[in-house]
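Engineer: A single structure is presented below for examination.
The values are calculated or read from the model by the stated rules, or taken from the named source; none is laboratory data. Remember, it's a predicted structure, so these values are computed and weren't measured experimentally. Counting neighbours? That spans all protein chains shown, and the Cβs are built from the backbone with ideal geometry, glycine included.
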Amino acid sequence: MAYAGIQVPAGCDVLIGDNEANLVNVGVLPEDKETTVSVSYDSVEVKGSKNEDVQRYVKNMSAEGKFSIYQILLDNIAKFSKGLITLESVPGTPVTGQTQTIKAGWENKRLYRLDGQNADGSEPTVTAKKGSTTLTKGDDFHVLKAADGDFYVSLNTAGTSHIATTDVITLTLGYTPKASVKAKMGAPSVEITPQVVRFMKMQGDKKFQITLWSATNSSGLSFAFPASSADKPTSIDVTMTGGLDTSRAVGDQLIEIVDEIGLT
């Protein structure tokens, strides 16, 4: 007899973004806290004068995801209730001439994150060389902004300099890093933008994932700073409540569950 749908305790990842194509992992989840997702609704029964069933239906459907994270990154926290928090990057001291090496064995057109990023989100200055040969930007290499907001370099073996994946490529960067990030909030009334939130568990190469299509932070922000004698880092607890995304088809507006583990 085959047993399907048994999931080993392996934790999960939580991803959040404006849409399904732009999800960002919020960070490391604590080992000793469960991540939970639940669906609730009001059940309505309409009966006739003889107590016969006339109609049964549900309304006010919602979903709730609860989790904690160890990595307190303000960029990700701002996504929990987009519009509630305003982020301000404080620029630090400009950096020039910093080198970054892409070792031989790199992959053609793969994105490699730049070690230096500008505080204001603009593109860093990048020059690239193969030995003493200066490569041409827009031909031998491209600098691209990814969904996470950072800039990456992509190398192209079909460029005019004929670089090969066996070559060592040296990048020289110029940028102004962040000295700090400030998160600000507080107004009589704030309109927040619901986000897509995905809870994804991997078991081998198979996944079990739950997606809330229109969720907002309903728990506020609660930071826990353990005492120095505690064997765990600072964490933050989050509750995301999902409502209906009426831009989606009826029947697919609240939640989607994808199961690759429980197949027979």
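Engineer: I'm checking my understanding of the structure. Among residues of the range 150-185 that are among the small types (Gly, Ala, Ser) and under 24 Å from GLY97 (Cα atoms), which one is surrounded by the most Cβ atoms within 10 Å (Cβ to Cβ)?
Structural biologist: Ranking the qualifying residues of the range 150-185, first place goes to SER161.
Engineer: With farther than 23 Å from ALA183 by Cβ, of a type in the set (A, V, I, L, M) and touching a strand residue (DSSP E or B) at 6+ places or on another chain (Cβ under 7 Å) as the only criterion, which of VAL258, VAL250, VAL238 stands out? Outline the logic, then answer.
Structural biologist: Details: VAL250 fails: touching a strand residue (DSSP E or B) at 6+ places or on another chain (Cβ under 7 Å); VAL238 fails: farther than 23 Å from ALA183 by Cβ.
Answer to the selection: VAL258.
Engineer: Please name all residue pairs, on different chains or six or more residues apart, with Cβ atoms under 7 Å, provided the first residue is in the range 217-229 and is closer than 21 Å to ALA63 by Cβ and the second residue is part of a loop (DSSP other than H, G, I, E, B).
Structural biologist: Listed by first residue and then by second, the contacts come to ASN217/SER81.
Engineer: So which residues in the range 20-42 are in contact with a strand residue (DSSP E or B) (Cβ under 6 Å, 6 or more places away or on another chain) and surrounded by fewer than 10 Cβ atoms within 10 Å (Cβ to Cβ)?
Structural biologist: Once the filter is applied, which keeps residues that are in contact with a strand residue (DSSP E or B) (Cβ under 6 Å, 6 or more places away or on another chain) and surrounded by fewer than 10 Cβ atoms within 10 Å (Cβ to Cβ), the range 20-42 yields only SER38.
Engineer: How many residues, within the range 185-240, are modelled with pLDDT under 85, touching an Asp or Glu at 6+ places or on another chain (Cβ under 9 Å) and among the small types (Gly, Ala, Ser)?
Structural biologist: The number of residues fulfilling the criteria is 3.
Engineer: Check every one of the strands (runs of 3 or more DSSP E) wholly within the range 85-124 and list those with 1 or more residues that are in contact (Cβ under 8 Å) with a residue 60 or more places away in the chain, among the charged types (D, E, K, R) and surrounded by 11 or more Cβ atoms within 10 Å (Cβ to Cβ).
Structural biologist: Once the strands (runs of 3 or more DSSP E) in the range 85-124 are filtered for at least 1 residues that are in contact (Cβ under 8 Å) with a residue 60 or more places away in the chain, among the charged types (D, E, K, R) and surrounded by 11 or more Cβ atoms within 10 Å (Cβ to Cβ), what remains is 86-91.
Engineer: Within the range 43-84, restricting attention to residues that are basic (Lys, Arg) and surrounded by 10 or more Cβ atoms within 10 Å (Cβ to Cβ), which residue is farthest from the chain's Cα centre (by Cα)?
Structural biologist: Taking the range 43-84 and keeping what is basic (Lys, Arg), we get 47, 50, 56, 59, 66, 79, 82.
Still in the running and surrounded by 10 or more Cβ atoms within 10 Å (Cβ to Cβ): 47, 56, 66, 79, 82.
On the way: LYS47: 47, ARG56: 39, LYS66: 16, LYS79: 9, LYS82: 13 Å.
Result: LYS47.
Engineer: Taking interchain pairs and intrachain pairs at least six residues apart, which have beta carbon atoms under 9 angstrom, with the first residue in the range 40-58 and modelled with pLDDT under 85 and the second not in a strand (DSSP E or B)?
Structural biologist: Hits for this filter: VAL54/GLY48.
Engineer: Based on this model, can you work out whether LEU135 counts as within 30 Å of PRO30 (Cα to Cα), touching a residue at least 12 places away in the same chain (Cβ under 8 Å) and surrounded by 15 or more Cβ atoms within 10 Å (Cβ to Cβ)?
Structural biologist: Taking the combined requirement at face value, the residue does not satisfy it.
Engineer: Look at VAL238 and say whether it is of a type outside the set (Gly, Ala, Ser), buried (at least 18 other Cβ atoms within 10 Å of the Cβ) and closer than 20 Å to VAL197 by Cβ. Even if it seems obvious, please write down each step before you answer.
Structural biologist: Numbers: of a type outside the set (Gly, Ala, Ser): yes; buried (at least 18 other Cβ atoms within 10 Å of the Cβ): yes; closer than 20 Å to VAL197 by Cβ: yes.
Criteria met by VAL238.
Engineer: Testing SER49 on (1) small (Gly, Ala, Ser); (2) part of a strand (DSSP E or B); (3) out of contact with any strand residue (DSSP E or B) (no Cβ under 8 Å at 6 or more places or on another chain), one condition comes back false. Which one is that?
Structural biologist: Going through (1) small (Gly, Ala, Ser); (2) part of a strand (DSSP E or B); (3) out of contact with any strand residue (DSSP E or B) (no Cβ under 8 Å at 6 or more places or on another chain) one by one, SER49 breaks only (2).
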